[in-house]
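As structure tokens, the structure follows; a few thoughts come after it.
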Protein chains: 2
Amino acid sequence: MNIKKIMTPPVRREDVPAALASLGIAVTAQRIEIGAILLESMQHLSAEQVQARLEADGASASKATVYNTLGLFAKKGLVRELVIDGARVFYDSNPSDHFHFYNVDDGTLFDFPSSPVTLTNLPTPPEGTKLDKVDVIVRVTTK
Amino acid sequence: MNIKKIMTPPVRREDVPAALASLGIAVTAQRIEIGAILLESMQHLSAEQVQARLEADGASASKATVYNTLGLFAKKGLVRELVIDGARVFYDSNPSDHFHFYNVDDGTLFDFPSSPVTLTNLPTPPEGTKLDKVDVIVRVTTK
DNA sequence: GTGGCAGTCTAGACAGAGTCTAAATTGACG
DNA sequence: CGTCAATTTAGACTCTGTCTAGACTGCCAC
Ligand SMILES: [Mn+2]
Ligand SMILES: [Mn+2]
Ligand SMILES: [Zn+2]
Ligand SMILES: [Zn+2]
């Protein structure tokens, strides 16, 4: 057996280097800091929020590094990029397939409760293409 | 009977003023031009593409007017705002409820064929909120 | 007809997210 | 240690979209 156990938030800070390495991400001080922030719990953070938390933790990284690191994490599958509203991208540290509620009035973003939502009769992708991922965003307004 | 027939693309240019008026949109020269472009067929256009078509048609409108008009059309339900990739917003003149394929490699955007896709077991919106709309985007890559 | 006026349009300044570049730093390895 | 490829950095830059303040339009009252 050689099935790698994927680490799921919460991941303790001391385990972050292993979580990165297991995905082929070279371990650096900045990547550990950013990874520790994201993997502390399942959450949705923008680049700006990540950088703010770095500061709050007494760490720091340049804007370019924050963006490069989040992009790398997304490419390696550690986090998932969520395009919700055109103003900023969110990075989601919940690794499971799941869908989102977005409150357009106050900007809050929730995971669907883990009910057995299903998409049926999904058409096959157009000729010459293959499925990458399915995003479902349910937009709600404050009543 | 008083059920207003909603005009569906293709809408002839001469019918655009009525299409706007029926939604409570005050008719102006710029709104007719932009409406004529969008309603010519069911399509997905960015603000930049709309402005380029205006120029191509020998018409024009300031950037502020293009954005204001598209925002107004979306608010009134003439078009639907699609947030696909964080780089730009698309405006969709297909008024029916429908889902999208997006090719992340070449940026092309298609409507799902009108197959009976269904989302089942959709959880109810969080307390204090009500459903606005459901966006389903299937991202594909070129094989 | 003319004047008034609200609504609309406009140029261009501004804002904010994200990218790029070129130089400095890091740290693994011989 | 010294080398060197990978990484990080400051800050300029790009791009989408917003805002402001003034100009324009066209409808209506008189
Ligand atoms: Mn934007
Ligand atoms: Mn952007
Ligand atoms: Zn999520
Ligand atoms: Zn569409």
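For region A:67-89, the criterion of being away from ligand 1 (no atom under 16 Å from the Cβ), in contact (Cβ under 8 Å) with a residue 60 or more places away in the chain and at negative phi is met by no residue. Restricting attention to region A:1-38, the residues that are over 13 Å from A:Val66 (Cα atoms), open to solvent by 20 Å² or more (accessible area, probe 1.4 Å) and in a loop (DSSP other than H, G, I, E, B) add up to 15. Residues that are of a type in the set (A, V, I, L, M) number at least 2 in the following strands (runs of 3 or more DSSP E) confined to region B:39-103: B:80-83. Filtered by the rule that a residue be at pLDDT 90 or above and among the aliphatic types (A, V, I, L, M), region B:118-143 gives B:Leu131, B:Val134, B:Val136, B:Ile137, B:Val138, B:Val140. Within the group B:Asp92, B:Asp85, which residue is charged (D, E, K, R) and away from DNA strand D (no atom under 13 Å from the Cβ)? After applying the criteria, what remains is B:Asp92. Looking only at residues in region A:39-58 that are more than 24 Å from A:Phe101 (Cβ to Cβ) and away from DNA strand C (no atom under 12 Å from the Cβ), the one that is surrounded by the most Cβ atoms within 10 Å (Cβ to Cβ) is A:Leu54. Screening region B:116-143 for residues that are within 7 Å of another protein chain (Cβ to nearest Cβ) and among the hydroxyl-bearing types (Ser, Thr, Tyr) and picking the one that is surrounded by the most Cβ atoms within 10 Å (Cβ to Cβ) gives B:Thr129. Applying a threshold of 8 Å to beta carbon distances and a minimum spacing of six or more residues, or different chains, the list of pairs starting in region B:124-139 at a residue that is closer than 16 Å to A:Thr108 by Cα and ending at one that is assigned to a loop (DSSP other than H, G, I, E, B) and open to solvent by less than 50 Å² (accessible area, probe 1.4 Å) reads B:Leu131/B:Pro125.
To keep it simple, each residue is scored yes or no on (1) modelled with pLDDT of 95 or more; (2) touching a Phe, Trp or Tyr at 6+ places or on another chain (Cβ under 9 Å).
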{"residue": "B:Ser22", "(1), (2)": "yes, no"}
{"residue": "B:Ala26", "(1), (2)": "yes, no"}
{"residue": "B:Phe73", "(1), (2)": "yes, yes"}
{"residue": "B:Lys76", "(1), (2)": "yes, no"}
{"residue": "B:Tyr91", "(1), (2)": "yes, yes"}
{"residue": "B:Val104", "(1), (2)": "no, no"}
{"residue": "B:Phe110", "(1), (2)": "no, yes"}
{"residue": "B:Pro116", "(1), (2)": "no, no"}
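Out of A:Gly86, A:Gly107, one residue alone is among the small types (Gly, Ala, Ser), under 19 Å from B:Arg139 (Cβ atoms), more than 14 Å from ligand 3 (Cβ to nearest atom) and open to solvent by less than 60 Å² (accessible area, probe 1.4 Å). It is A:Gly86.
Within region B:93-100, is there a residue that is more than 9 Å from chain A (Cβ to nearest Cβ), within 12 Å of B:Ile34 (Cα to Cα) and within 16 Å of DNA strand C (Cβ to nearest atom)? No; the residues of region B:93-100 include none that is more than 9 Å from chain A (Cβ to nearest Cβ), within 12 Å of B:Ile34 (Cα to Cα) and within 16 Å of DNA strand C (Cβ to nearest atom). Scanning region A:59-83 for residues that are more than 16 Å from ligand 2 (Cβ to nearest atom), touching a helix residue (DSSP H, G or I) at 6+ places or on another chain (Cβ under 6 Å) and either within 18 Å of A:Leu20 (Cα to Cα) or open to solvent by 40 Å² or more (accessible area, probe 1.4 Å) (or both) yields A:Ser60, A:Ala61, A:Thr65, A:Thr69, A:Val79.
The values are calculated or read from the model by the stated rules, or taken from the named source; none is laboratory data. Keep in mind that this is a model prediction, so the values were computed, not measured. Every residue, glycine among them, receives a Cβ derived from its backbone with ideal geometry; neighbour counts consider all protein chains shown. Accessible surface areas use protein heavy atoms only, side chains included; no ligands, DNA or RNA. Shrake-Rupley method; radii C 1.70, N 1.55, O 1.52, S 1.80 Å.
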